[in-house]
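Worksheet: the structure to be examined is printed underneath.
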Amino acid sequence: MISFGGGLPAPDVFPVQRFQEACHKVLTEHAAAALQYGETEGYRPLRELLANNMARYGIKAKPENVLITSGSQQALDLIGKLFINRGDRVLVEAPTYLGALQAFNVYGAEYESVPIDENGLRTDLLEQPLRSGPRFMYVLPNFQNPAGTTLSEARRHELVLLADRYGIPIIEDDPYGQLRYEGEHLPSLVVLDRENLRRDEGYSIGNVIYLSTFSKTLAPGLRLGWIVAPPEVISKLAQLKQGADLHTSTFTQFVAYEVARDGFLDKHVKLIRQIYRERRDVMLQSLEELFPPAVTWTHPQGGLFLWVTLPEGLDMKAVFKSALEQNVAFVPGDSFYAHDGHNNGFVEGSRHMRLNFSNPAPAEIREGIRRLSIALKSHLPASTLSSELALDMR
Ligand SMILES: Cc1ncc(COP(=O)(O)O)c(C=O)c1O
């Protein structure tokens, strides 16, 4: 089975030797502290390292603005716990990250979905849903999961302005921001909010809560993410975190600090970018060569996913079954939509599939796309296949 399903990093990029050395160092030099209970907000040197690292991307937060979490997934849960009362509405992109919906569902969230296009969230459609007073907006500006799209710079400016005008906080989820394979880095919403609206040198106030993680740059098994927010919000989230798990594993935080320090994280991210850029290109090239012309897909500038759109009228369940018979897997698009009562019986996402290109090796990507194209072609009417492909089918 070749899987384009999960959002898994390539295991061959895990810096195993650096982890071995870090574990050894932590246990020989810092065992008493690393094996002890720690502060809820997180290991101070790690928070400082993160603050320094983010400053290079324009996020000039202080360690007091950083709360270490057990993965970004816990950050989403804590945000749900802090903000959502049963029946509150959350504004999300359509499609959006499934794990966020799962986290918010637990607290009884209802949803207002706003569609995305190739430039990310359709900010031209935001005013009406914002007027209806959602608790917050949950947005993925960089290389969105699942669609791989990036929010344009103009829309970023518009988004923070609109959010401020209607007093709706933004949760900016950014696990992939550093994994850019082409084009220039675009400013984060948290940066634009501060620069355009607050004239606040620090992060003492602000309308954006920023999330990121080591899952895609070091290893998801670490379960280490972080939240950047004004200290007042950090202290509320820390209280909730205390009730959940006291603090994120001290040992893991010490190890991550030793791994990431002295410029290693940057060097490693460069290596990952090279490897994933190649995989993305192999997938795009294979799609171009093998998929029927009636099928389209996004061209992600970074991240781990691309989003395929099939012609109308295909039965995605049947396509999925055929794909599994060909020993290739993907995630059907309908998983990534909140059900907000506007769907009129239409299953949103039923024409889409999410494909991951970070985990399979280039040769597997090529072979997997070949298998997927066979599965697809068996469901497409001959008129939608090119003459060459139609010949191929016989
Ligand atoms: C958009 C998004 N947010 C959050 C997460 C959760 O990341 P973590 O492994 O840090 O919990 C993921 C994981 O794939 C993700 O894609």
Any residue in the range 32-51 that is without any contact (Cβ under 8 Å) to a residue 60 or more places away in the chain, loosely packed, with under 14 Cβ neighbours inside 10 Å and not small (Gly, Ala, Ser)?
-> no
Can you work out which of the residues in the range 1-28 that are in a loop (DSSP other than H, G, I, E, B) and within 16 Å of the ligand (Cβ to nearest atom) is nearest to Arg370 (Cα to Cα)?
-> Phe4
Picking from Asp77, Asp88, Asp117, the residue that is over 30 Å from Thr252 (Cα atoms) and either out of contact with any Ser or Thr (no Cβ under 9 Å at 6 or more places or on another chain) or within 16 Å of the ligand (Cβ to nearest atom) (or both) would be Asp88
Inspect the range 211-230 for any residue being away from the ligand (no atom under 13 Å from the Cβ) and free of Cβ contacts under 8 Å to residues at least 60 places away in the same chain and give the result as yes or no.
-> no
Of all residues in the range 46-74 being within 13 Å of the ligand (Cβ to nearest atom) and either among the small types (Gly, Ala, Ser) or more than 18 Å from Glu172 (Cβ to Cβ) (or both), the one that is nearest to the chain's Cα centre (by Cα) = Ser72
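Yes/no per residue for (1) more than 30 Å from Phe320 (Cα to Cα); (2) among the hydrophobic types (A, V, I, L, M, F, W, C); (3) without any contact (Cβ under 8 Å) to a residue 60 or more places away in the chain; (4) exposed (fewer than 14 other Cβ atoms within 10 Å of the Cβ):
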| residue | (1), (2), (3), (4) |
| --- | --- |
| Ala10 | no, yes, no, no |
| Ala61 | yes, yes, no, no |
| Leu67 | yes, yes, no, no |
| Ser72 | no, no, no, no |
So which residues in the range 171-208 are in a strand (DSSP E or B) and either under 15 Å from the mean Cα position of the chain (by Cα) or away from the ligand (no atom under 16 Å from the Cβ) (or both)?
-> Ile171, Glu172, Asp173, Arg180
Taking the range 91-102 as the region of interest, how many residues are of a type in the set (A, V, I, L, M, F, W, C), under 19 Å from Leu211 (Cα atoms) and within 15 Å of the ligand (Cβ to nearest atom)?
-> 4
Taking the range 127-152 and the residues there that are farther than 20 Å from Ile84 by Cβ and more than 16 Å from the ligand (Cβ to nearest atom), the one that is surrounded by the most Cβ atoms within 10 Å (Cβ to Cβ) would be Ser152
Test Asn105 against the criterion of being within 16 Å of the ligand (Cβ to nearest atom), of a type in the set (S, T, N, Q) and farther than 22 Å from Ser350 by Cα, and give yes or no.
-> no
Can you find a residue in the range 258-278 that is away from the ligand (no atom under 16 Å from the Cβ) and more than 30 Å from Lys60 (Cα to Cα)?
-> yes
Hey, among Tyr111, Tyr97, Tyr107, which residue is within 13 Å of the chain's Cα centre (by Cα) and aromatic (Phe, Trp, Tyr)?
-> Tyr97
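Where a number appears in this text, it was derived from the coordinates with a stated rule and is not lab data. All figures in this text were calculated on a predicted structure; none of them were measured in a lab. Glycine also receives a Cβ, built like all others from the backbone with ideal geometry; neighbour counts cover every protein chain displayed.
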